[in-house]
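Have a look at the structure below, then the notes.
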DNA sequence: ACATACTTTCAATATTTTCTGAAATTATAA
DNA sequence: TTATAATTTCAGAAAATATTGAAAGTATGT
């Protein structure tokens, strides 16, 4: 397989992959392109490589920057702004975990706590099942939350090393 | 908060939550409804509670069954078929992990292995970055894969207990 | 200040995804 | 077998999402 073909394949698959994770196709493709670009590239480069409009590139790069996955870089002597992605996959993963935790898990746990305050007789079958379900999810979510916090703070080698030993 | 209101809130939030995970809103809502229903319910019950069409219920319950999250139940003396969801959240989580691993992670790892075979000079900057990125993701994915396998096989109490001790 | 290069915004449009509902199919009972 | 009940399918409609492109906004150099 030629490099050009392999690149196209990687970008396309990474894009499809992203859609399963609530990330839009284009944003994932831009991320993929940046992951395999050794040097920072411009809006125009991205437009050209992925055949998408300027507006689209602009919006999605902004989102990637918001997610902390991509940085704007200023190159001395250049007017245009350049983009580059964090290449260390462990850092990419912890960054994504951190953001999703903040955006999704934390609010969900907060809501569940609210729902546990529902008024009603615990002898009633409907009420009981509701409370049991909510409590179960909250407990599980709470554990996941703690575990992810440790992961985020951990260092890759420590984490993988210890975890592998632990799981042997 | 009244039970009716709390239920509606839970179903609606679970639905929104699902969309961030590549699951469609209705499928997640049906799942939520089943999670808080103490007894099995029918297509018609779901149609009525969520205000959606028969076809929609049919398609999404089928998917939930395919995902192994919902079971069809036959109740003696009843013509209609009933649905019920696994209530143990640990089991729900492992089932989801199992399916997503099969549907997404495994194929991705397979593709990455292919891409590592790309022909080209490793001295070339473009080629090198491509190979490094692909190898990095593959390595990380491989570790995640192993870890998830252990989780899937593990028993909840063992898992949470040990993990908590480990992470203390 | 002016001209030029570059970036951002957003209304209109296109695409993708989801949902409906009625027809076709299958199952059950008499 | 026939009537009735229940389920499934799927083409078309509706809704949700993503994309374009041109105009407005900013920054930079002279």
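The values are calculated or read from the model by the stated rules, or taken from the named source; none is laboratory data. What you see is a predicted model; the values in this text were computed from it and never measured. Quick reminder, even Gly has a Cβ in these numbers, built from the backbone with ideal geometry, and neighbours come from all protein chains shown.
Beta carbons closer than 7 Å, at least 6 apart along the sequence or on distinct chains, pair a first residue in the stretch B:46-61 that is within 14 Å of another protein chain (Cβ to nearest Cβ) with a second that is more than 10 Å from DNA strand D (Cβ to nearest atom) and in a helix (DSSP H, G or I) for B:49/B:33. Among the residues here, residue B:71 qualifies as in contact with a helix residue (DSSP H, G or I) (Cβ under 9 Å, 6 or more places away or on another chain), farther than 28 Å from residue A:23 by Cα, more than 11 Å from every other protein chain (Cβ to nearest Cβ) and within 15 Å of DNA strand D (Cβ to nearest atom). Is it the case that residue A:87 is modelled with pLDDT of 95 or more and within 12 Å of DNA strand D (Cβ to nearest atom)? The answer is no for residue A:87. Of the residues in the stretch B:83-105, not one is under 25 Å from the mean Cα position of the chain (by Cα), in a loop (DSSP other than H, G, I, E, B), more than 30 Å from residue A:31 (Cβ to Cβ) and away from chain A (no Cβ under 14 Å). Filtering the stretch A:7-44 to residues that are surrounded by 18 or more Cβ atoms within 10 Å (Cβ to Cβ), over 30 Å from residue B:15 (Cβ atoms) and free of Cβ contacts under 8 Å to residues at least 40 places away in the same chain leaves A:7, A:10, A:11, A:33, A:36.
Scanning the stretch A:49-79 for residues being within 13 Å of DNA strand C (Cβ to nearest atom) and loosely packed, with under 12 Cβ neighbours inside 10 Å gives a total of 9. Only one entry in B:104, B:116 is within 30 Å of residue B:128 (Cβ to Cβ), surrounded by fewer than 16 Cβ atoms within 10 Å (Cβ to Cβ), at pLDDT 95 or above and away from DNA strand D (no atom under 16 Å from the Cβ), namely B:116. Residues that are touching a helix residue (DSSP H, G or I) at 6+ places or on another chain (Cβ under 8 Å), more than 10 Å from chain B (Cβ to nearest Cβ) and part of a loop (DSSP other than H, G, I, E, B) within the stretch A:3-45 comprise just one, A:24.
If we keep just the residues of the stretch A:54-68 that are within 13 Å of DNA strand D (Cβ to nearest atom) and in contact with a helix residue (DSSP H, G or I) (Cβ under 7 Å, 6 or more places away or on another chain), which is farthest from residue B:136 (Cα to Cα)? Applying the filter and picking the extreme gives A:54. Within the stretch B:136-168, if we keep just the residues that are outside any helix (DSSP H, G or I) and at pLDDT 60 or above, the residue that is surrounded by the most Cβ atoms within 10 Å (Cβ to Cβ) turns out to be B:154. For residue A:112, all conditions in the list (1) within 11 Å of DNA strand C (Cβ to nearest atom); (2) more than 12 Å from the chain's Cα centre (by Cα); (3) part of a helix (DSSP H, G or I) hold save one; what is the number of the exception? Unmet condition: (1).
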